[in-house]
Structures are given as structure tokens and as C-alpha cells.
Amino acid sequence: MPLPGIGVAPAAGSLYTELTSVTRRAFVPRLFVQLYFGTPSLFYMLGNAQRAAGGLNHLSIPVQANSMVQGQFVGYGGGFNSPVITPGIQNAQFNLCYWVVPVPLPFGETVIQATDREISLLKARMNDVYAVTRQNMGRLQFTNNSANPLLPDSYQGAFDNGTNFATYGGISRTATPNFQGQYINMAAGTYSSPYSVNINGFNRKAMAVLLSQITNNAGGEAPTFVVMNPGDYATLNTDFQGTENTYLDPNASYVNAMGAAVRTSFPNLVVSGVPIFADYFVPAGSAFVVNTKYTSFYLSEDAAFDFSGFYSLVPLGQIGQQGVVVVGYDLVCAKPVSGAWVYNIGGAAF
């Protein structure tokens with residue numbers, strides 16, 4: 001709406017009405033979106049996504065959770081027990097979930113915006129399809145989605161030890177303990193006494209101990225990255241800031257030269273060789289430790305952000321068109337012990 005009585009514009013009345021009738025409003029021909037958040041972990045995982053196709057279970061991953069042979073020491077005579085056939089392999093099975101976004105194209109919009117448009121509503125709507133999809137996928141990575149079978153799996157299900165997700169991929173974590181992830185409480189044990197992570201948040205020493213513990217429990221394989229809530233990340237970041245060094249150039253001016261700014265703080269951190277970064281969608285007080293050797297996004301090769309095209313609504317008695325964007329995907333971990341779900345972190349900076 002036009003704003004009367006501000007700046008040089010006259011107050012509301014006949015003069016202002018006349019001006020609005022004969023004067024075109026100044027207009028910035030760009031759309032500035034006021035919502036949505038970045039999700040670096042989703043960007044990383046989608047960049048390394050694997051393909052999935054059809055089948056009753058779109059993803060069937062053979063996993064070995066028990067030893068299949070037995071060894072023994074022998075004496076001078078070399079005798080040994082006959083081998084026993086021990087089954088140790090079973091399938092972890094997952095189904096892709098399908099996310100759809102219908103896109104309308106009304107008749108009136110087509111006619112009115114055919115010419116003389118400043119912002120294309122159709123283009124804005126198609127951009128919003130991607131944004132809405134990305135936000136949904138980013139959020140569902142870190143939530144408990146088990147109550148709705150239409151939703152994808154998440155890091156919580158992947159790295160739980162059976163406390164919250166008794167089964168994963170159709171495998172019972174009680175019957176198969178080696179298929180449990182690392183579910184680590186920061187309010188108990190080592191971290192609640194000398195480091196007080198549950199009260200003060202992470203510092204470098206506590207994070208280094210945690211990563212060593214996770215690596216040890218994973219059989220010696222270090223994780224690929226850690227993702228935290230921005231508030232928890234900021235607390236860890238402050239522990240690094242006290243060790244910064246700035247090397248000054250005696251010939252440079254740090255007062256008058258705009259290009260000679262001194263940089264401080266860090267967009268990501270590295271502890272024990274493992275990068276750590278923040279993601280808005282991680283719940284406050286939690287962190288997820290991921291090994292991408294075993295954890296991947298899987299995208300359907302038949303529905304990887306595919307658009308159907310626009311189809312006429314005339315058969316339904318309406319002049320207009322609509323289309324739909326479809327994404328089939330799931331977040332799957334083939335070795336839950338390779339990562340961790342860390343909870344009860346305290347001391348968030350905000």
C-alpha cells in the first residue's frame with residue numbers, strides 16, 4: 001500500500017489520491033525472501049548422494065554383525081576342532097520416502113503476467129519449491145521421524161543405541177547389539193565431572209576426548225565431521241578464540257585501509273583432525289558425529305528433484321495448469337557404531 005504523509009509525500013486526501021492515480025511507484029525488480037535457513041550438512045550429504053532405484057525395499061544393505069568362523073591355538077600335533085557354520089549376515093532394509101510439492105499456474109496469472117511484469121510469480125513459486133524442499137529435508141535430518149512411516153530416517157535413528165529406536169533397518173538392536181550406534185550422554189560419566197560439558201558446554205579438551213572415545217568405539221575409524229547447533233558451536237568457538245594469533249604488517253595501515261581488516265573467530269573448527277561446523281536445524285544441546293564412509297543420502301534415480309511439467313486442468317472444469325516436483329530419498333547408515341548422537345550439552349552461548 002502507498003504510504004501518505006511520510007517524507008515529501010502529502011498527507012492522505014485528495015492531493016495524495018491524485019498523485020497515486022498518475023504516478024508509478026518506484027520498484028526494485030528483485031524478490032527478497034524473508035524466511036528459510038542454510039543447512040550445510042544437507043549440502044554436504046546431497047553433494048555425495050548415492051543413487052537408489054525400485055524394488056520392494058529400495059535399499060537392502062548386507063551387514064555382518066556376528067563372527068562367522070572361530071579360531072584356536074594348536075599344539076605339537078596340529079589337531080583342531082572341526083569348523084562350525086555360524087550365520088552372521090543379514091539385510092538392513094530401507095524404503096525411500098517421497099516428498100511432493102504441487103505447483104499451481106492459474107489462468108488469471110498467466111494472462112495478467114504475460115507482459116509488463118516486474119516479478120514473475122511462477123519463477124518465484126518454482127524457486128520456493130526448492131527452498132521449501134531443502135528446509136524440510138534439512139530439518140528432518142535431525143528429528144525423530146519414527147511416528148510417521150512416510151517420513152525419512154534421520155541421524156537420530158542411525159546412531160541411537162536402542163534407547164529410542166529399538167530397530168533400525170528392520171534389525172533389532174537388542175538381538176543384534178553390534179548394530180547399535182553411540183548414544184552419548186554429556187550429563188554423565190567423564191564429561192559431567194572434570195569437563196562439565198552438561199553445564200559449561202564443549203571446550204577443546206572435552207571435544208578431543210569425545211572424538212577419541214567415538215573413534216575407539218568405532219573400531220579405530222575417525223568420523224568425517226561433527227555438526228552442532230549454532231549456540232553450542234559458539235561456546236566451543238570461544239575456547240578457540242583465546243588462542244588466536246594476529247601477525248601485523250608494520251607497513252600496513254589498520255585504521256585507514258578498508259582492505260586491511262583483521263579477521264577473528266572461525267567459520268568452522270578442527271579438533272583431532274575432524275571438522276566441526278554449525279547447522280541451524282540441529283536441536284540445541286545435541287551434536288551428531290558422522291562417518292560418511294557408512295552414512296549417505298540416497299536419491300531415487302526416477303525422482304531426484306524431478307518436475308512433471310504443467311498439465312491442463314480443463315478436464316476438471318477449470319482453466320489453468322498444475323505440475324508437481326517429486327523427490328524420493330532417505331538418509332541411511334550401514335554401520336551405526338561409526339557415528340554418534342551426543343545429547344545433554346549445556347552452556348549454549350545463545
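The values are calculated or read from the model by the stated rules, or taken from the named source; none is laboratory data. The structure displayed is predicted, hence computed values, not measured ones. Cβ sites come from the backbone with ideal geometry, for glycine too, and all protein chains shown count toward neighbours.
Some observations on this one:
- When residue 181 is tested against (1) among the small types (Gly, Ala, Ser); (2) modelled with pLDDT of 95 or more; (3) more than 30 Å from residue 60 (Cβ to Cβ), exactly one condition is not met: (3).
- Of the residues making up segment 168-181, just one is surrounded by fewer than 22 Cβ atoms within 10 Å (Cβ to Cβ) and either among the aromatic types (Phe, Trp, Tyr) or under 22 Å from the mean Cα position of the chain (by Cα) (or both), namely 180.
- Taking every residue in segment 55-72 that is without any contact (Cβ under 8 Å) to a residue 60 or more places away in the chain and pairing it with any residue that is surrounded by 10 or more Cβ atoms within 10 Å (Cβ to Cβ) and among the small types (Gly, Ala, Ser), at least 6 positions away or on another chain, the pairs with Cβ-Cβ distances below 6 Å are 64/88; 68/88.
- Segment 295-322, residues that are of a type in the set (A, V, I, L, M, F, W, C), surrounded by 14 or more Cβ atoms within 10 Å (Cβ to Cβ) and touching a residue at least 24 places away in the same chain (Cβ under 8 Å): 297, 299, 303, 304, 305, 310
- Pair list, Cβ under 6 Å, 6 or more apart: segment 105-134 residue closer than 16 Å to residue 27 by Cβ, other residue assigned to a helix (DSSP H, G or I): 121/109
- Index of the failed condition, residue 37 passing every other in (1) exposed (fewer than 11 other Cβ atoms within 10 Å of the Cβ); (2) in contact (Cβ under 8 Å) with a residue 40 or more places away in the chain: (1)
- Single residue of segment 222-243 satisfying the filter (hydroxyl-bearing (Ser, Thr, Tyr) and part of a loop (DSSP other than H, G, I, E, B)) that is surrounded by the most Cβ atoms within 10 Å (Cβ to Cβ): 224
- Among the residues of segment 197-221, those that are without any contact (Cβ under 8 Å) to a residue 60 or more places away in the chain and either assigned to a loop (DSSP other than H, G, I, E, B) or farther than 12 Å from residue 338 by Cα (or both) comprise 203, 205, 206, 209, 220.
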